[in-house]
Amino acid sequence: EIGGRMVKVYGFNGQSPGPTIRVPQHSTIIVEFTNAIDFPTTLRWHGVRVGNQFDGVPGQTQSPVRVGDTYTAEVYFPDAGAFWYHPHQRGHIAQELGLYGAIIVDSPDPQYYSSANLEETLMLDDVLVDDLGILPFGFEAPAQALMGRFGNVLLINGQPDYRRSVNKGDVVRLFLTDASNTRPFNLRIEGGVRMKLVGGDLGKFEREEWVASIVIAPGQRYIVDVMFEEEGEFPLTNRITAVDHFLGEFEYQVDTLGIFDVSSRPTDYEYSAEFATLRTYDGGFDEVRAQAGRPVDEELVLSLRIGALPLPVIRMLEIDTLYYPPVEFNDAMPMMNWLSTGMNVLWLMHEPAPDVDPRDLGPAIGWRFRQGDLVKIRLFNDPGSWHPMSHPLHLHGQRFVVLEQDGVPSSNLVWRDTVFVPVGSTVDLMVEMSNPGSWMFNCQIPEHLGAGMSMSFSVQASGA
């Protein structure tokens, strides 16, 4: 039940979201995946540097699992951190219907994290519903290909009314994952609750730091410690700046995702001193920093090509360039978005071609690297394209650090697999090519992926 409506969703083992998988770092699990939904699909281990044959990309690493068939995957977990699993075939449908789950990989070091009273895994999502239930999808090609599918009901762990009871003085560790199709969140706990940023996709930041809010894009994960020093109700909110394109006005919007209910009962174990300490972590970034100043190896431009859209929509695309960080969209022009599909919109990741109109370019790129290479990749999100928007880009099979954004070096590194590239921004990555195979680099928004926003690259095994 969502917002008083009974809706049909998908699930893993009868659950939506699926069960949280918690495993030790360097462990291996065997997973039997039986497809009992309505169409062929695959299963991805997002962020996990798995063997290439288990990466779950249809047509590249495996064939889709047919309805009624079972597929066995062997999943090795080389990195500590927060990860998740989800489909990669018709993901705009399956993911929207709740087919995803969290993965927590624990370091063997008992001091890897500081002490906490509670740990909570929060899968952030939204869903698009009306009085009849979940609104329909484009089956052969994704609808809402322009901006992606925004929901009108915000969810935590599949429910719109998340509530967590804690004791006064409790330190709570939050494992955050943005499992939505399109929506980036700008998260804050109201009432002056302190938030300590601890980790990202593949482990810990170099330095823990205090933050007022967390911007998390589809596919990204963050690890945050919070301490509730006073009793009362403390909302977890999403704060954005929405745009009214017709009136040319900004509208500040605050939505509540859930409530932390803090009782007057004191915490069972006092961890305030540990919480107040900002710890450091050696993530093995010395070589990355040593090579940060070298020339760029590869470049990608993010842009858009459109086909047979109605003329009024094209005119709106030409003027619809407003952007207000850190989160710029809330599906402010839904009718324009609904008219766009993967048949008339092509999102592009292309190499720079100054003398060619990006709308005349295709998506074909095939980079080749060798295992052990450190590759510097520059991403530019072209603000002059038809309808620029921020893109969460996900690199399969490898890990990287964000070296700099718009010429400003990153001062606090963390290993990542997904990067949020704002409109007009240039982002430099240093990628550690450690995992042999044929891999995908794609926009995590499934409607954009279905509209062409992906490319392939290969990593040749050392000694091969």
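Observations on the structure shown:
- Test: residue in the stretch 83-92 that is surrounded by fewer than 19 Cβ atoms within 10 Å (Cβ to Cβ) and either over 17 Å from the mean Cα position of the chain (by Cα) or within 23 Å of residue 456 (Cβ to Cβ) (or both): no
- Candidate set: the stretch 406-424, residues that are within 18 Å of the chain's Cα centre (by Cα) and under 26 Å from residue 346 (Cα atoms); chosen: the one surrounded by the fewest Cβ atoms within 10 Å (Cβ to Cβ): 423
- Checking every residue in the stretch 258-274 against the condition of being under 25 Å from the mean Cα position of the chain (by Cα), surrounded by 13 or more Cβ atoms within 10 Å (Cβ to Cβ) and part of a helix (DSSP H, G or I) gives zero matches.
- Scope the stretch 46-61; condition buried (at least 22 other Cβ atoms within 10 Å of the Cβ) and either out of contact with any strand residue (DSSP E or B) (no Cβ under 7 Å at 6 or more places or on another chain) or in a loop (DSSP other than H, G, I, E, B) (or both); matching residues: 47, 48, 50, 55, 56, 61
- Residue in the stretch 19-41 that is basic (Lys, Arg), surrounded by 14 or more Cβ atoms within 10 Å (Cβ to Cβ) and under 21 Å from the mean Cα position of the chain (by Cα) present: no
- Residue check, residue 96 touching a residue at least 12 places away in the same chain (Cβ under 8 Å) and surrounded by 19 or more Cβ atoms within 10 Å (Cβ to Cβ): yes
- The conditions of being assigned to a strand (DSSP E or B), under 21 Å from residue 204 (Cβ atoms) and either out of contact with any Phe, Trp or Tyr (no Cβ under 6 Å at 6 or more places or on another chain) or not assigned by TED's automatic domain parsing to the domain that holds residue 92 (or both) are not met by residue 369.
The values are calculated or read from the model by the stated rules, or taken from the named source; none is laboratory data. From a predicted model like this one, the values you see are computed outputs, not experimental measurements. Every residue, glycine among them, receives a Cβ derived from its backbone with ideal geometry; neighbour counts consider all protein chains shown.
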